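Have a look at the structure below before the remarks.
The values are calculated or read from the model by the stated rules, or taken from the named source; none is laboratory data. The model shown is predicted, which means the values in this text are computed figures rather than measured ones. Glycine gets a Cβ as well: all are built from the backbone with ideal geometry, and neighbour counts include every protein chain shown.
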Ligand SMILES: Cc1cc2nc3c(=O)[nH]c(=O)nc-3n(C[C@H](O)[C@H](O)[C@H](O)COP(=O)(O)OP(=O)(O)OC[C@H]3O[C@@H](n4cnc5c(N)ncnc54)[C@H](O)[C@@H]3O)c2cc1C
């Protein structure tokens, strides 16, 4: 989405200048809240247009947020709940839906509880949003890649940008960095921001794949893992979906099985059900060198039902025909049993029945971070003051996926990105009020952004 030239600047001449670097959902939201507060806002982005990953998310229907109760919603942020919950309390799922409505984009709650725009598209929302941002005076500078701060410059907010016309220096009274994670680098987020921030003493947790696929390994006799599927299985079933199955992570006592679907890939597994377990699976691989998913091929059947059907006499019929006729197991589901289980287990009715309810799939490593839906790791919350300002760099604020949190798919990613954009902008406004007055404190531009109502 290309942006036309900036409109005439109608803000007060002495308005504080805030630079937002990164034009994804977090940065654009920060720009909106800053402009609404009377700041002079410039958005810089390395790409020729903003919101590229947001538009990609639109290809999957744009799952904006989730309709479940707030208490349940905040649990999705796991170990980072305490850091994310206050942001969501100020701007959470219902406020996000109101905000979208304010842009003329109605939303609906799907059967899974996920919330989507009625037209399931990102482009109309982004178009309306950019129009509103430009109308409120926000200026956009594309093809400006942030490189860090000017060397030896005492003023932290003198930013260096690589532009098509050479390097440019930009001064600001406050800066919001919303540079995204490190997946889908071709859309702009490449994680190159780690180096300049780390060089300024900012504590950053290593960036890792989240909501990602995995390579599988086949345990072999000496206890090591052979990479990938057998040639036979891969050549016949790569790309095949496993629908209506359930997964859990072995060793996660009490963790509920999650139901859904995933896909067999050339080297392993991917898809929504795998993504849901990707954080704990990735951490388990780091700790133990591997992780084991337990696949329930028949979540609608009890273990007793499966045992009874497998043990039923089959006469001269093959085991494959028996499993298909008694339990509906065929295609990739049946083939997985033969791929994973030793012959001795296949031939033992009790063990086979148990494996149908908990087939062990060994994961050897996550797929590369660039393929992931999102990124774990990033700027640690411990490196931030309230208002998402960097402790090491007063006047510099961070928002979005570049912060150290992760969440499953389901709208939780975008919601926290929007919420942190609001929080960083309010933090910057607060900071600027301490250093110089904000020209105009006008939240009426976006009434849904103001006020402390719990979402
Ligand atoms: C295929 C896919 C589908 C998804 N679907 C959904 C979904 O349905 N629901 C959901 O909640 N989430 C979804 N997500 C995740 C969601 O899109 C991201 O979490 C979200 O876009 C992150 O927002 P952000 O503003 O933090 O960063 P980004 O959207 O990544 O934006 C960061 C911006 O910073 C710019 N930038 C980076 N480095 C520099 C630099 N050095 N200088 C200047 N500019 C720079 C980039 O060009 C980019 O424009 C999906 C992700 C993918 C990959």
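Quick look at the values:
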| read-out | value |
| --- | --- |
| Strands (runs of 3 or more DSSP E) within region 170-232 that include 3 or more residues modelled with pLDDT of 95 or more | 174-177, 204-210, 214-219 |
| Criterion: at positive phi, modelled with pLDDT of 95 or more and surrounded by fewer than 20 Cβ atoms within 10 Å (Cβ to Cβ) - qualifying residue of 260, 331, 315, 289 | 331 |
| Matching residues, region 364-381, being within 14 Å of residue 198 (Cα to Cα) and out of contact with any helix residue (DSSP H, G or I) (no Cβ under 7 Å at 6 or more places or on another chain) | 377, 380 |
| Test: residue 414 is touching a residue at least 24 places away in the same chain (Cβ under 8 Å) and either within 8 Å of the ligand (Cβ to nearest atom) or not in a loop (DSSP other than H, G, I, E, B) (or both) | yes |
| Top-ranked residue of region 193-233 - restricted to ones that are in contact with a strand residue (DSSP E or B) (Cβ under 8 Å, 6 or more places away or on another chain) and without any contact (Cβ under 8 Å) to a residue 40 or more places away in the chain, ranked as farthest from residue 381 (Cα to Cα) | 220 |
| Checking residue 320 against (1) surrounded by fewer than 15 Cβ atoms within 10 Å (Cβ to Cβ); (2) in a strand (DSSP E or B), the condition it does not meet | (2) |
| Residue among 50, 43 that is in contact with a helix residue (DSSP H, G or I) (Cβ under 7 Å, 6 or more places away or on another chain), surrounded by 18 or more Cβ atoms within 10 Å (Cβ to Cβ) and part of a loop (DSSP other than H, G, I, E, B) | 50 |
| So residue 242, is it without any contact (Cβ under 8 Å) to a residue 40 or more places away in the chain, buried (at least 20 other Cβ atoms within 10 Å of the Cβ) and either part of a loop (DSSP other than H, G, I, E, B) or touching a strand residue (DSSP E or B) at 6+ places or on another chain (Cβ under 8 Å) (or both) | no |
| Within region 328-402, strands (runs of 3 or more DSSP E) holding 3 or more residues that are away from the ligand (no atom under 16 Å from the Cβ) and touching a strand residue (DSSP E or B) at 6+ places or on another chain (Cβ under 8 Å) | 359-366 |
| Inter-residue pairs, beta-carbon under 8 Å, first under 9 Å from residue 40 (Cα atoms) and assigned to a strand (DSSP E or B) and in region 13-29, second within 8 Å of the ligand (Cβ to nearest atom) and at pLDDT 95 or above, 6+ apart | 19/44 |
| Candidate set from region 118-128 (those that are touching a helix residue (DSSP H, G or I) at 6+ places or on another chain (Cβ under 7 Å) and surrounded by fewer than 22 Cβ atoms within 10 Å (Cβ to Cβ)); member that is farthest from residue 32 (Cα to Cα) | 121 |
| Tabulated pairs, region 57-75, first within 8 Å of residue 114 (Cβ to Cβ), second more than 14 Å from the ligand (Cβ to nearest atom), C-beta under 8 angstrom, 6+ apart or interchain | 67/109 |
| Region 13-46, subset in contact with a strand residue (DSSP E or B) (Cβ under 9 Å, 6 or more places away or on another chain) and within 6 Å of the ligand (Cβ to nearest atom), residue farthest from residue 101 (Cα to Cα) | 46 |
| Test set (1) more than 9 Å from the ligand (Cβ to nearest atom); (2) at pLDDT below 95; (3) surrounded by fewer than 19 Cβ atoms within 10 Å (Cβ to Cβ) - residue 108 fails condition number | (2) |
| Subset tally (residues that are assigned to a helix (DSSP H, G or I) and crowded, with 17+ Cβ neighbours inside 10 Å) for region 60-79 | 2 |
